[in-house]
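Report on the following structure.
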Amino acid sequence: MEPFQQAKKWSASLRGGQEKPDSGEIETGSTVKVAYVDQSRDKLEGNHNVFQEVSGGADILNINGIEIQSRAYIGRFNFKGQDQQKMVGSLSQNLAAPGGVANGSVTSASA
C-alpha cells in the first residue's frame, strides 16, 4: 500500500472511530455524519464468489431503506454478468477494495 493510501485509511479509521489518536482529540460538528467504506480485506471470504460475498445469497438487498436487486447493486461497482461469479480470493487487491467488493458496504458512525 502506498503511503498516501495508508494515510487516507488511517484518517478514515480515526474519523470512523476504529482508531484513537495518540494525543489530542478529533471533534466532529453537530451536523456532520461520518460515513466510510471499510477497505480492509480481512472480512472477505475467499471461497465465496462476488455475488455471495456482497449479497449473502439474497436476490434483494435493503440499502438504507431502499430495496434493490442484488445483481443490479453489484453491477454498480462494475461487476457485471460473469464477473459476479468470480471467486473473491482470486481478485486483485484493487478489485476487492471499495469500488470493488465491500462486505457490509457502507458503515456510518454518528457524531
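List the residues whose amide H sits under 5 Å from the amide H of N49, counting only those 5 or more places along or on another chain, with H placed 1.01 Å from N in the peptide plane.
HN-HN under 5 Å from N49: V88.
Please compute the length gained on full extension between V32 and N78, using 0.36 nm multiplied by the number of residues separating them and subtracting their Cα-Cα distance.
13.6 nm
Packing-wise, with mean Cβ within 10 Å as the measure, how do 27-34, 77-84, 49-56 rank, highest first?
Put in order of decreasing packing, that is 49-56, 77-84, 27-34.
On full extension of the chain, what length is gained from E45 through N64, given 0.36 nm per residue of separation minus the C-alpha to C-alpha distance?
That works out to 4.5 nm of additional length.
Computed from the coordinates by the stated procedures, all read-outs in this text should not be read as laboratory data. This is a predicted model, so every value here is computed, not measured. For neighbour counting, all protein chains shown are included, and Cβ atoms are generated from backbone atoms with ideal geometry for every residue, glycine included.
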